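Here's the structure we're looking at; comments come further down.
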Amino acid sequence: MLLLRCPLLLLLLPLSSRPQKLPTRDEELFQMQIRDKAFFHDSSVIPDGAEISSYLFRDTPKRYFFVVEEDNTPLAVTVTPCDAPLEWKLSVQELPEEASGEGSGEPEPLEQQKQQITNKEGTELFSYKGNDVEYFVSSSSPSGLYQLDLLSTEKDTHFKVYATTTPESDQPYPELPYDPRIDVASLGRTTVTLAWKPSPTASLLKQPIQYCIVINKEHNFKSLCAVEAKLNSDDTFMMAPKPGLDFSPFDFAHFGFPSDNNSGKERGFLKSSSKFGRQTSSKLRADLHKVCIGNKNIFTVSDLKPDTQYYFDMFAVNTNTNMSTAYVGTFARTKEEAKQKTVELKDGKVTDVFIKRKGAKFLRFAPVSSHQKVTFSVHSCLDAVQIQVRRDGKLLLSQNVEGVRQFQLRGKAKAKYLIRLKGSKKGASMLKILATTRPNKQSFPSLPEDTRIKAFDKLRTCSSVTVAWLGTQERNKFCIYKREVEDSYNEEQKKREQNQCLGPDTRKKSEKVLCKYFHSQNIQKAVTTETIRGLQPGKSYLLDVYVIGHGGQSVKYQSKLVKTRKFC
């Protein structure tokens, strides 16, 4: 069987005077034709049993023909719309008497075969309008000249056509199970597990089948061809020919055939350079993913967004023919994020907050009285945290906080403030926060920009060390503590213990060295020194300085590791 595409207005071509016939399916000839690119120089001809890919311009019909030479011949025609609905019609007319006799059996030249076409309208057998993959199947078709007309009224589009006179033996499309639905086996906030029954083509006929899952947020797809059209919508997947011009010969690399200089490489939608987990995936778009997962029939889709509806489609693909069949698609909405409890802040009271790694906490501050200004004081105990403050939905502040920071915002009558605290990516976060409408209420002590403790190496002895640290213009109480540590104690261990929110009340009394008040109106001279005595020779000590504010809240300076001299 041969398929022929004719011009829109069929010309009545003279019939040859000698008896001729169009060749039927000859497997050796069929394989030769597939290999011989010159056979396809005229794009109107495809052999019996091969799927063709082609292109339709909007409102420009296209017509194909094929010949069934004998009565009671099985016939199957499949039309696959890709990215737009199609209107198509199949009809048949009687063969000319000259073409129905026995021929020589030799393949006839293409030009002589084209002369067998007539311009008579046939009897309509089947018609369809839509974007479903639709079939015409007959176990006993009459001989005749069959005509397939296709039209796209929506837009320029791709499509596929497959026709065969041996549908029982060909079976290029994978068969669906008796229940072709996709089941949602489990549902999470960011994951959906899908399960489906295997294709009988794989389980019974033992043909190579792999399954491809398509995930998107818009709608279900009815064919893998439609998926590929969407994935390649931004690319020159197939250069569309200009209207009014014949576009033969096609570049076969666009239609699943290897080109001459690329014969060693497989082509099709099952090969891709992108990865999705460990499975082969198509080129990823933000709104559409295709994942081919081999022959397993359960798969978990991960990295989804919470409380979002997704559409899932499954396609069984025969890897020998690269032809596919769609399961019945499904959709599911991922679970919502666990609702965060909002902590109420009280005016002038310090609140302790713990945040999991990469987590977030929400706090609410609703002053009971009118106010001109509102102050937020934040003390990050470990790594930096992010604070966002919204007043009645409007974003007022977004900052990263390390150590102690104070933010003063303009107030508004009856305003409500929502505070979002986002933790560190490195690990869990701890912080203290205070919100107040009283401008003089300051719970945390002020700190200098540099909170390091400096040790003087030249003043180091076998029993003492001398250190210094910066103060501020505000009079505060400073307490210094020491703790003997092993010689193997290093900076990494010290870093893990840098919780600035742990105050002197967590230390042993024996570790306390002294407490004193200190400040200086001249910020350049706000430096104090202290000599710590009674130490052991050749020992390592960890020194901590705490500054305690008027409200009783303390902040720890950066710890300092020192070592006494072993010999003096």
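Some observations on this one:
- Selection status of Gln521, farther than 22 Å from Arg483 by Cα, open to solvent by 80 Å² or more (accessible area, probe 1.4 Å) and assigned to a loop (DSSP other than H, G, I, E, B): yes
- Condition met for Ala360 (under 27 Å from Pro448 (Cβ atoms) and at pLDDT 85 or above): no
- Of the residues in the range 63-78, none is open to solvent by 20 Å² or more (accessible area, probe 1.4 Å), under 28 Å from Val328 (Cβ atoms) and at pLDDT below 85.
- All conditions in (1) open to solvent by 50 Å² or more (accessible area, probe 1.4 Å); (2) touching a Ser or Thr at 6+ places or on another chain (Cβ under 8 Å); (3) touching a residue at least 40 places away in the same chain (Cβ under 8 Å) hold for Glu337, with the sole exception of (2).
- When Glu121 is tested against the conditions (1) open to solvent by less than 30 Å² (accessible area, probe 1.4 Å); (2) at pLDDT below 90; (3) of a type outside the set (Ser, Thr, Tyr), the lone failure is (1).
- Among the residues of the range 177-201, those identified as open to solvent by 20 Å² or more (accessible area, probe 1.4 Å), in a loop (DSSP other than H, G, I, E, B) and either among the polar types (S, T, N, Q) or not assigned by the TED database to the domain that holds Val317 (or both) are Thr190, Thr191.
- First in the range 122-145 and within 21 Å of Pro81 (Cα to Cα) and assigned to a loop (DSSP other than H, G, I, E, B), second anywhere and at pLDDT below 85 and open to solvent by 40 Å² or more (accessible area, probe 1.4 Å), Cβ under 9 Å, 6 or more apart: Asn131/Asp83
- Note on the range 431-475: among residues that are without any contact (Cβ under 8 Å) to a residue 60 or more places away in the chain and touching a helix residue (DSSP H, G or I) at 6+ places or on another chain (Cβ under 8 Å), the one that is nearest to Leu535 (Cα to Cα) is Thr472.
The values are calculated or read from the model by the stated rules, or taken from the named source; none is laboratory data. Keep in mind it's a predicted model, so treat the numbers as computed, not measured. Heads up, the Cβs are rebuilt from the backbone with ideal geometry, glycines too, and the neighbour counts pull from every protein chain shown. Just the protein is used for accessible areas: all its heavy atoms, side chains included, with ligands, DNA and RNA removed. Shrake-Rupley method; radii C 1.70, N 1.55, O 1.52, S 1.80 Å.
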